[in-house]
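Data first, discussion second: the structure below is written as structure tokens.
The values are calculated or read from the model by the stated rules, or taken from the named source; none is laboratory data. Note that the structure is a prediction, hence the values are computed from the model and not measured. Positions of Cβ are generated from backbone atoms using ideal geometry, with glycine treated the same way; all protein chains shown enter the neighbour counts.
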Amino acid sequence: MPLVAVVIALAAAGVVGILAHESLGAFSSSAASPLDTGSLDAAVPLSTALQVRSDEGLPTRVPGSGGRAVGTTDGKVPDGVTIFDDHYAAVTRLDPSLLGALRDAATDAKGDGITLFVNSGWRSRTYQEELFAEAVTKYGSQAQAARWVARPGTSVHEAGKAVDIGGSAADAWLSAHGAAYGLCQIYRNEAWHYELRLRAIDDGCPAIYADPTHDPRMQQ
Ligand SMILES: [Zn+2]
């Protein structure tokens, strides 16, 4: 009798195991579909897929990314990358007009002994989701986070039409000279964030928004 009980228990466990496996598979595929990050996420365990890490510089995983690590192909940028660097998607996937204006400006800034570093440029949707999730953790709510990081799907960075320039000397140089290249600061609280406004070459940069929540493009 005990042997029969063990067999039944094992059989039941096997059935449960199969059911659990199938339901996990179904969850994984439906969870991954809205982003469609490709085939890399097919076999990632659920626990890993939902893990969020904020350790700077380390590969991170975002809810909805299917557990794929966010890296330089998503637009992450290590320290010391300049606007002339062709090895990073953050730079190469910028809108060509914006990139050209930045390189013209950087060439002239160099004459003044100043280097324009790229802290952020083009970003994938997955990377934007990671940044926004980090900002929600840091600022305590989605509404507060949106003052500093655009909600995924609304960021101009995702379209390759914005760049965050460092360091402070470069930001000061662009603040003084950027309009001549059509490069304008858009948000008062982001002195490093520049976009192309070609009319600025003749008319100067348009009025600045206090922060991204005042930008009509950020409304959903
Ligand atoms: Zn920016």
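Could you check segment 142-170 and list, in sequence order, the residues that are part of a helix (DSSP H, G or I), away from the ligand (no atom under 12 Å from the Cβ) and within 21 Å of Phe117 (Cβ to Cβ)?
Ser168, Ala169, Ala170
I'm told Pro152 meets every condition in (1) under 17 Å from the mean Cα position of the chain (by Cα); (2) of a type outside the set (D, E, K, R); (3) surrounded by fewer than 17 Cβ atoms within 10 Å (Cβ to Cβ) except one. Can you identify the failing condition by its number?
Of everything listed in (1) under 17 Å from the mean Cα position of the chain (by Cα); (2) of a type outside the set (D, E, K, R); (3) surrounded by fewer than 17 Cβ atoms within 10 Å (Cβ to Cβ), Pro152 misses just condition (3).
State all residues of segment 101-137 that are charged (D, E, K, R) and away from the ligand (no atom under 16 Å from the Cβ); if no residue qualifies, say none.
Residues satisfying the conditions are Arg103, Asp104, Asp108, Lys110, Asp112.
Per-residue answers, yes or no, for (1) buried (at least 19 other Cβ atoms within 10 Å of the Cβ); (2) at pLDDT below 95; (3) away from the ligand (no atom under 12 Å from the Cβ):
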position	(1), (2), (3)
His177	no, no, yes
Tyr181	yes, no, yes
Asn189	no, yes, no
Tyr194	yes, no, no
Arg199	no, no, yes
Gly204	no, no, yes
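Under 9 Å by Cβ, and 6 or more places apart or on different chains, what pairs join a residue from segment 77-104 that is assigned by TED's automatic domain parsing to the domain that holds Ser155 and of a type in the set (Asp, Glu) with one that is part of a helix (DSSP H, G or I) and at pLDDT 95 or above?
These pairs meet every condition: Asp85/Val91; Asp85/Thr92; Asp86/Thr92; Asp95/Ala159; Asp104/Tyr181.
Quick test for you: out of Val70, Val118, pick the one residue that is modelled with pLDDT of 95 or more, in contact with a helix residue (DSSP H, G or I) (Cβ under 8 Å, 6 or more places away or on another chain) and not basic (Lys, Arg).
Being modelled with pLDDT of 95 or more, in contact with a helix residue (DSSP H, G or I) (Cβ under 8 Å, 6 or more places away or on another chain) and not basic (Lys, Arg) holds for just one of Val70, Val118, which is Val118.
What pairs come out if I take residues in segment 110-131 that are in the same structural domain as Ala162 (by TED's automatic domain parsing) and pair them with residues that are charged (D, E, K, R) and assigned to a loop (DSSP other than H, G, I, E, B) whose C-beta lies under 6 Å away, six or more apart or interchain?
These pairs meet every condition: Trp122/Arg93.
Within segment 123-180, can you find the residues that are out of contact with any Phe, Trp or Tyr (no Cβ under 9 Å at 6 or more places or on another chain) and of a type in the set (Phe, Trp, Tyr)?
If the condition is that a residue be out of contact with any Phe, Trp or Tyr (no Cβ under 9 Å at 6 or more places or on another chain) and of a type in the set (Phe, Trp, Tyr), then Tyr127, Phe132, Trp173 are the ones that fit.
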